[in-house]
Amino acid sequence: MISFMTPFTKRNLLIPVAAVLFMGVLYVLDRTVPILGSHVQHLELIIISLMIMMSIVIMLFWSLLGVCAGLAYFFVSMIFLYRPLTDLNPYYYSVLILAFILSSYIGYRASRKIQLSGQDYTVTMEKVQGDINLVSDHKKNREAEFSAMGEKISSLLKLKGIADSLSLSLSEGDIIKIVSKETFNIFRENGRVMFFMMDEPRRALSLFHTSKGEGRKAFLPENGGIFGRGALKNMKSLLVKDVRKDFRFSIDEETMKDDATSLIIKPLVVESKVLGLLRADSTRGSAFAQHDLRILDIIGELAAVALENARLYRRTEELAIRDSLTGLYVRRYFMERLEEEVKRALRSNGSFAMFMLDIDNFKDFNDKYGHISGDAILKNIGRVLKRKASAGDIVARYGGEEFAFLALNCGREEGARLAEEIRDEIQKSPVVLRREKCSVTVSVGVAVFPEDARLGGDIIWEADRRLYAAKAKGKNAVCSG
């Protein structure tokens, strides 16, 4: 509404002023003129002045209050002034009538002008008020848009921070912790974030990491809970404003034990492959909106891509350090680990045994059965070596048909016994070549650190020397000293 004073507001203030002036002039003419008539000469001037004032007042009433009020005051004036003026001189009353008629006409014309101006003014003010309302609504809408834009910018900056953090990590564990922590920071007031990973052997969801506020219950839903399973079934993000009122789900006993009332869930999917599930929940009903779900969708997409990249990186790394045929480490990686173990053993006064294995008469197998049979023999020996390796032991395909085995925390006697077990198991694990069971044997050389050598290259040389000593004994043998 417009609060400033309009011309018509000022006009309304003139009405009481005109009324007071009318009453005053009427009183003077009615009461004082007869008294002044016997005492004042040239009374005509005074009377004419008073009549002019009365005419002005009548004109004001016509202008301010319209025809009805103008006529009413006109007749009231004529009635009250008839006797005082006619007693003095009938001529005065005639002049008064003419003056009143003239002033009434002027007042009537002014009243019509004012009325038309009032109508124009009302229309103009309604249009102005409408424009003001439009501007006000536009301002409110812009403020709401600016506020929403500010929230979006803040969310995008947080998402950028998550993306930057994920780009620096190639570890699945680190990625999960980063995503859980940053998601909790965004939805902190809502209380809890849970990150589930798909357990491939069981084809079930397992809770990997939880970030929660104070006072929230610890919750371990089986296979992601009823809502997690529902999201995975439809392969879509899920928004539940009240878990106990959502008609899409039948609440089970497990869900009733939890303190979550509302939640949002994002399945982590890459090329139709489910990697896991990201869930944020709150004890408050309707704590999340579609905007929150969109943010979780973006975080989930970033997390899924980062996890897939981490897995691809791990596989690439494994391909770089493992032999594609046997699955054992390659020679380069074995040499790097050997140097690390030498330094560790020197610091801790530890020991380890180094085996060098070579397949006996391998060329004859290749010549007789072909290279495919040779690959089968290499794979079989690789499987045996993996089974015999303890935690921390390093087994590698050293080159061709030669293998290296690093047995940690192993002395000469233990090393010789393990080498003999390996030789015996390989001999007792025949390979089927062209429907024939072929027994394969190996020769093994054993060297012990630091008794036989104190450098990586020297320990390999010593184990290799003893390997050839085992070959000289007739093959299918172990030489440890």
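Please treat every number below as a calculation from the coordinates, not as lab data. Note that the structure is a prediction, hence the values are computed from the model and not measured. Glycine gets a Cβ as well: all are built from the backbone with ideal geometry, and neighbour counts include every protein chain shown.
Ranked by the mean number of other Cβ atoms within 10 Å of their residues, highest first, the peptides 129-140, 360-371 fall in the order 360-371, 129-140. For region 166-249, GluC sites (Glu not before Pro) are listed when DSSP marks them as loop and at most 14 other Cβ atoms sit within 10 Å of their Cβ; the list is Glu214.
Sorting 353-359, 426-432, 438-444 by average packing, meaning the other beta carbons within 10 Å per residue, from highest down gives 353-359, 438-444, 426-432. Note on Ala204 and Thr441: with the Förster distance fixed at 60 Å, the Cβ-Cβ geometry gives a FRET efficiency of about 0.85.
Would you mind ranking Arg423, Arg465 by Cβ crowding within 10 Å, fewest neighbours first? It would help to have the intermediate numbers written out before the result.
Numbers: Arg423 21, Arg465 14.
Neighbour counts put them in this order, fewest first: Arg465, Arg423.
Beta bridges per DSSP, both residues in region 362-481: antiparallel share near 80 percent.
Cross-link pairs exceeding 22 Å in C-alpha to C-alpha distance, out of Lys139/Lys160; Lys212/Lys233; Lys177/Lys257; Lys343/Lys475; Lys428/Lys473; Lys343/Lys471, comprise Lys139/Lys160; Lys212/Lys233; Lys177/Lys257; Lys343/Lys475; Lys343/Lys471.
Among the GluC sites (Glu not before Pro) in region 334-365, none is located in a DSSP loop while being surrounded by at most 16 other Cβ atoms within 10 Å of its own Cβ. The simple spin-label model puts a point 7 Å past each Cα toward its Cβ; for Arg412 and Glu271 those points are separated by 5.5 nm. Put a dot 7 Å past the Cα of Val123, heading toward its Cβ, do the same for Val305, and the two dots end up 6.1 nm apart. Whole-percent P(r), region 197-347, all Cα pairs, 5 Å bins from 0: 2, 8, 14, 17, 15, 11, 7, 6, 6, 6, 5, 3, 1, 0. Gly225 sits among other residues whose Cβ lies under 9 Å from its own Cβ, and their net charge, with Lys and Arg +1 and Asp and Glu -1, is -2. What FRET efficiency comes out for Leu346 versus Val432 if R0 is 56 angstrom and r is the Cβ-Cβ distance? Round to the nearest 0.05. Once the sixth-power term is evaluated, E becomes 0.75.
Per-residue extension of 0.36 nm, minus the Cα-Cα distance of Met149 and Glu421, leaves a gain of 90.8 nm for this segment. The calculated FRET efficiency for His291 paired with Glu318, based on their beta-carbon distance and R0 = 56 Å, is about 0.85.
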